[in-house]
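Take a look at the structure set out below.
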There are 2 protein chains.
Amino acid sequence: MSRRPMVRPGGRSARVQESVHTAVRELLAEQGREGLTVPQVAHRAGVTPSTIYRRWGDLEQLLSDVAVERLRPETPPEDRGSLAADLESWAEQFLDEMSSTAGRAYIRDALLGDPDGSNAGQCSAYAAEQLDVVLARASVRGEPTPGVERAVDEIVAPLMYRILFRPDGLDAAYARRLAHRALAAAEEPPA
Amino acid sequence: MSRRPMVRPGGRSARVQESVHTAVRELLAEQGREGLTVPQVAHRAGVTPSTIYRRWGDLEQLLSDVAVERLRPETPPEDRGSLAADLESWAEQFLDEMSSTAGRAYIRDALLGDPDGSNAGQCSAYAAEQLDVVLARASVRGEPTPGVERAVDEIVAPLMYRILFRPDGLDAAYARRLAHRALAAAEEPPA
DNA sequence: CCACTAAAGCAAAGGAATTGCTTTTGCCCG
DNA sequence: CGGGCAAAAGCAATTCCTTTGCTTTAGTGG
């Protein structure tokens, strides 16, 4: 879990949390991250700055929390009938969402204000979950599948690495190529 | 290139740059990053804070510059006689250096204060360079080799992804497994 | 050797971050 | 249903980081 304290789920804490998160999202959308400050967020959210400092520590940890929330997938991956098609389309969509300017900013924020690594871990868990659904479906169909860990190595890791370290030259074709490698790994002995 | 301006080599600028970088490294070693501030670095380096703000912008970009410098490999990878051995030992060493507490901190810093992505790109280039040396050597020996890009996907990306997003359960055996996958990719058609 | 320019020093002003104390509010127990 | 307890928010003062205009120093080229 994050540094964020347990929030009493219906009380004032929850309302404050909600309004602060909303304020961050709105301000990010309106003006981007340039010049975003805690006092500014506090004012928009109708709270005092010290409340934010006490609950989140600093702007980066607050942004990290908002980012993780925003990176959570909203729907399970669509079923396209075969593992190949499912992996391809998931990889393409993942790349699409994550490599956008907004997506990259959220990833950076999630990593950035994350002292104990729990937010980053959460992001990774989201991706693994989605892949797990796809692989389980294929398994039910009787298709050979790679393990989730292998799929993460072959698809998620290269995409994320390139998004973070070499944002150029990424396209859907590359994502599809990665999906096929993961597929090829399904037939090998589990190395 | 970074936001860091071209420094006249040999002049006062170079001396300031040197003393500031040294101050950062010393303070990081002594007290870690907790409570590290620009004025503190400036004092240790014997310059005024405004000098640092004017040249680097803020603490994060300064740390990013120092981190990239520190992540530069100092020696070409050792020749162990075969591609398999070279890849294995390089992957192990890479994991070792990067997954340490200090290594992780440097990676995070490098990514963090990097508005245009040039510092992250530099880190990636370092790894690609090292791999390129290993692969070229194998090529000369007549061994089949994967392309550098493929080796990056199979070795560097998974290691980096896990270091950043899931720091648990990383060990030398995993690094070796990745090296073997890259090796296996050498015989496939270049997908 | 002198002029020109880039970078560093200096100092003041503005604003973010921190913190002790008070007040509110939600929750639990009698 | 009412009183007390504890957690979190508000408030305000203080600290010090950050910014910025101006001056001074130092390196470069004519």
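Taking the conditions (1) within 12 Å of chain A (Cβ to nearest Cβ); (2) at pLDDT 95 or above; (3) under 29 Å from B:Leu63 (Cα atoms) in turn, B:Leu131 satisfies each one other than (1).
Evaluated against (1) of a type outside the set (Gly, Ala, Ser); (2) in a loop (DSSP other than H, G, I, E, B); (3) exposed (fewer than 15 other Cβ atoms within 10 Å of the Cβ); (4) more than 12 Å from chain B (Cβ to nearest Cβ), A:Glu143 falls short on exactly one condition, (3).
Against the definition (part of a helix (DSSP H, G or I), closer than 29 Å to B:Gln17 by Cβ, without any contact (Cβ under 8 Å) to a residue 24 or more places away in the chain and not assigned by TED's automatic domain parsing to the domain that holds B:Glu18), how does B:Ala125 come out, yes or no? Yes.
For the range B:47-76, taking the residues that are within 16 Å of DNA strand D (Cβ to nearest atom) and within 14 Å of chain A (Cβ to nearest Cβ), the one that is nearest to B:Arg25 (Cα to Cα) is identified as B:Leu63.
Take the conditions among the charged types (D, E, K, R) and either within 16 Å of DNA strand D (Cβ to nearest atom) or within 11 Å of the chain's Cα centre (by Cα) (or both) and apply them to A:Glu88. Does it pass?
Working: among the charged types (D, E, K, R): yes; either within 16 Å of DNA strand D (Cβ to nearest atom) or within 11 Å of the chain's Cα centre (by Cα) (or both): no.
Judged against the criteria, A:Glu88 is not a match.
When you scan the range B:92-114, do you find a residue that is in a loop (DSSP other than H, G, I, E, B), closer than 30 Å to B:Leu28 by Cα, at the interface with chain A (Cβ under 10 Å from one of its Cβ atoms) and modelled with pLDDT under 95, even just one? The answer is yes; a qualifying residue exists. If you filter the range B:23-42 down to residues that are surrounded by 14 or more Cβ atoms within 10 Å (Cβ to Cβ), within 14 Å of DNA strand C (Cβ to nearest atom) and assigned to a helix (DSSP H, G or I), you find that the one that is farthest from the other protein chains (Cβ to nearest Cβ) is B:Ala23.
The values are calculated or read from the model by the stated rules, or taken from the named source; none is laboratory data. For clarity, every value in this text was computed on a predicted model and none was experimentally measured. Every residue, glycine among them, receives a Cβ derived from its backbone with ideal geometry; neighbour counts consider all protein chains shown.
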